[in-house]
1. In the stretch 8-62, which residue that is under 15 Å from the mean Cα position of the chain (by Cα) and in a loop (DSSP other than H, G, I, E, B) is modelled with the highest pLDDT?
2. As an exercise: evaluate residue 6 against (1) on the phi > 0 side of the Ramachandran plot; (2) surrounded by 10 or more Cβ atoms within 10 Å (Cβ to Cβ) and give the number of the one condition it does not meet.
3. Kindly list the number of the only condition in (1) modelled with pLDDT of 80 or more; (2) outside any helix (DSSP H, G or I); (3) not acidic (Asp, Glu) that fails for residue 67.
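The values are calculated or read from the model by the stated rules, or taken from the named source; none is laboratory data. Since the structure is predicted, the reported quantities are computational estimates derived from the model, not experimental observations. Cβ sites come from the backbone with ideal geometry, for glycine too, and all protein chains shown count toward neighbours.
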Amino acid sequence: MRSVTVQEAKTQLSALLRAVEAGEEIEIRRGRTPVARLVQTAPRRSLRDLAGVWADVPEVDDAIWAPDPADAADFGLAD
């Protein structure tokens, strides 16, 4: 892991970000003391990516959700 001072990080930020995008981790030091680490973030997921999460969820028959006729009448929902 590369280590740079705060001053170096300020003057070379664009180059450091390119290195991080390429998979490198960079430690930022204040003097000899490490204070931060630049690492690549996890890729952002779009709704299209998440659509596959629901691909294996079974569909539920609507009859399961139909109210009992006696209960429906009690709540004024009877046909």
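1. Ranking the qualifying residues of the stretch 8-62, first place goes to 40.
2. Here residue 6 meets the rest and fails (1).
3. It fails just one condition, (1).
So that you can scan it fast, the table gives a plain yes or no per residue for (1) within 29 Å of residue 7 (Cβ to Cβ); (2) surrounded by 10 or more Cβ atoms within 10 Å (Cβ to Cβ):
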position: 39; (1), (2): yes, yes
position: 48; (1), (2): no, no
position: 56; (1), (2): no, no
position: 73; (1), (2): no, yes
